[in-house]
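S.K.: Below you will find the structure I want to go over with you.
The values are calculated or read from the model by the stated rules, or taken from the named source; none is laboratory data. As the structure is a prediction and not an experimental result, all values here were calculated from the model. Neighbour counts are summed over all protein chains in view; Cβ atoms, including those assigned to glycine, are modelled from backbone coordinates with ideal geometry. Each accessible area value is taken on the protein alone, full model and side chains, heavy atoms only, with ligands, DNA and RNA left out. Shrake-Rupley method; radii C 1.70, N 1.55, O 1.52, S 1.80 Å.
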Amino acid sequence: MKLQEIKLNSKTVYDGKILRLELDEVELPDGKTSKRECVRHSGGAAVLLVKDEQILLVKQFRYLYGKPIYEIPAGKLNNGEDAMVAAARELEEETGFKAELSHLLDIFPSPGYTDEIIHIYIAEKFEITAQNLDDNEFLNYCFIDVNAVLAMIESGEICDSKTIVAVYKYLLIKNELCN
């Protein structure tokens, strides 16, 4: 069986600053039709910065979860913006660090309803400049020891998927290089 769905029609339900919600009708592989609620998002970019075995994290109140959470620095791509450029911009805005970046991996945070892709980079050479938050952005940043970050992930204190994936990917690469 060919695993493909064909869009028959689409209706935009909401078009906002961060996302667009579309209701699509699709033809399924068996010829039947179904509806798909699609959250269209321009994507995001994030940066893992490790300095002296400490990971740079931001702590920011996230309205939908009702609490501050720890994350690696990240932000939304502007339409047509290169992901690496966005990652560098967000890192400097949120933390004041300017860095040379290398691609680490891309993730699909929730493929059941959104086309968002988060592009994750690792900072290799960096220097501190000045934090330059957006007008409506409030966060703190800190460095936390890698082992403490792992403990925070294991305890559920860190639940952000891009952060967890980036940390584990970093440790996997580090372990491969050490063996």
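S.K.: In the range 112-146, what residues are among the acidic types (Asp, Glu) and either within 30 Å of Lys35 (Cβ to Cβ) or part of a strand (DSSP E or B) (or both)?
M.R.: The answer is Asp115, Glu116, Glu124, Glu127, Asp145.
Rundown of residues vs (1) assigned to a loop (DSSP other than H, G, I, E, B); (2) aliphatic (A, V, I, L, M); (3) modelled with pLDDT of 95 or more, yes/no style:
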{"residue": "Phe61", "(1), (2), (3)": "no, no, yes"}
{"residue": "Gly80", "(1), (2), (3)": "yes, no, no"}
{"residue": "Ala88", "(1), (2), (3)": "no, yes, yes"}
{"residue": "Leu104", "(1), (2), (3)": "no, yes, yes"}
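S.K.: When the residues of the range 67-93 are filtered to those that are open to solvent by 50 Å² or more (accessible area, probe 1.4 Å) and not basic (Lys, Arg), which remaining residue is nearest to Ala166 (Cα to Cα)?
M.R.: If we take residues in the range 67-93 being open to solvent by 50 Å² or more (accessible area, probe 1.4 Å) and not basic (Lys, Arg), then Met84 is nearest to Ala166 (Cα to Cα).
S.K.: Another question, then. Could you grab me the full set of residues in the range 151-163 that are out of contact with any strand residue (DSSP E or B) (no Cβ under 8 Å at 6 or more places or on another chain) and either of a type in the set (D, E, K, R) or surrounded by fewer than 16 Cβ atoms within 10 Å (Cβ to Cβ) (or both)?
M.R.: Ala151, Glu154, Ser155, Gly156
S.K.: Identify, by number, the condition in (1) more than 30 Å from Arg36 (Cα to Cα); (2) part of a loop (DSSP other than H, G, I, E, B); (3) open to solvent by less than 50 Å² (accessible area, probe 1.4 Å) that Ala99 doesn't meet.
M.R.: Tallying (1) more than 30 Å from Arg36 (Cα to Cα); (2) part of a loop (DSSP other than H, G, I, E, B); (3) open to solvent by less than 50 Å² (accessible area, probe 1.4 Å), Ala99 fails exactly one: (2).
S.K.: Quick one: is Val13 open to solvent by less than 70 Å² (accessible area, probe 1.4 Å) and either more than 24 Å from Ser161 (Cβ to Cβ) or part of a strand (DSSP E or B) (or both)?
M.R.: no
S.K.: Would you be able to tell me the number of residues in the range 154-179 that are part of a helix (DSSP H, G or I) and either more than 14 Å from Ile107 (Cβ to Cβ) or touching a residue at least 24 places away in the same chain (Cβ under 8 Å) (or both)?
M.R.: 18
S.K.: Going through the range 101-145 one residue at a time, which ones are under 29 Å from Arg40 (Cα atoms), more than 17 Å from the chain's Cα centre (by Cα) and acidic (Asp, Glu)?
M.R.: Residues satisfying the conditions are Asp134, Asp135.
S.K.: If you check Ala123, Ala148, which single one turns out to be free of Cβ contacts under 8 Å to residues at least 24 places away in the same chain and open to solvent by less than 60 Å² (accessible area, probe 1.4 Å)?
M.R.: Ala148
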